[in-house]
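The block underneath contains the structure these notes are about, expressed in structure tokens.
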Amino acid sequence: MNELSPLEREDFLRNCLQELLQGETSEGKILTRLRKKILGMNQNDYAALVGLSRRTLSDLENDTGDQSLSVINAAFKPFGLRLGLLPTHQHLLVDCVKNLPELTSLRKVNGFRR
């Protein structure tokens with residue numbers, strides 16, 4: 001497997017999330033890509049890691065089934081992700097993200113980081 005550097009992993013994750021937010025892909029497809037590219041794991045091993053059955057993981061990755069919030073969060077936890085509410089209008093999403101307290105304080109301390 002071709003191991004990614006921490007920066008490459010972060011860029012890959014960011015790109016996946018941008019595709020998801022732009023409606024270009026699904027949560028299941030993102031989970032599959034993250035599992036394979038970042039961890040290099042097959043479904044059986046990954047399911048055991050996150051405490052799910054291989055069938056449940058397969059259903060998640062294929063965007064089928066009706067999983068609970070706790071199951072979805074367990075599947076995405078190794079990547080530092082959890083399910084949440086997002087505005088459906090892009091301008092609201094942009095406003096919410098750019099006004100996060102940690103980003104606002106970062107801008108005050110480091111004026112060059114915008």
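Which one of these does residue 27 not meet: (1) open to solvent by 80 Å² or more (accessible area, probe 1.4 Å); (2) of a type in the set (D, E, K, R); (3) out of contact with any Phe, Trp or Tyr (no Cβ under 9 Å at 6 or more places or on another chain)? For residue 27, the failing item is (3). Hey, can you tell me all the residues within the stretch 61-91 that are of a type in the set (D, E, K, R) and surrounded by 15 or more Cβ atoms within 10 Å (Cβ to Cβ)? Residue satisfying the conditions is 61 alone.
Considering 14, 35, 54, 9, which residue is basic (Lys, Arg) and open to solvent by less than 60 Å² (accessible area, probe 1.4 Å)? Please lay out each step first, then the result.
Numbers: 14 fails: open to solvent by less than 60 Å² (accessible area, probe 1.4 Å); 54 fails: open to solvent by less than 60 Å² (accessible area, probe 1.4 Å); 9 fails: open to solvent by less than 60 Å² (accessible area, probe 1.4 Å).
It is 35.
The values are calculated or read from the model by the stated rules, or taken from the named source; none is laboratory data. Every value quoted in this text rests on a predicted model; they were computed, and no experiment measured them. So basically every Cβ, Gly included, is an ideal-geometry build from the backbone, and we count neighbours across all protein chains shown. To get the accessible areas, we keep the full protein, side chains included, count just its heavy atoms, and leave off ligands, DNA and RNA. Shrake-Rupley method; radii C 1.70, N 1.55, O 1.52, S 1.80 Å.
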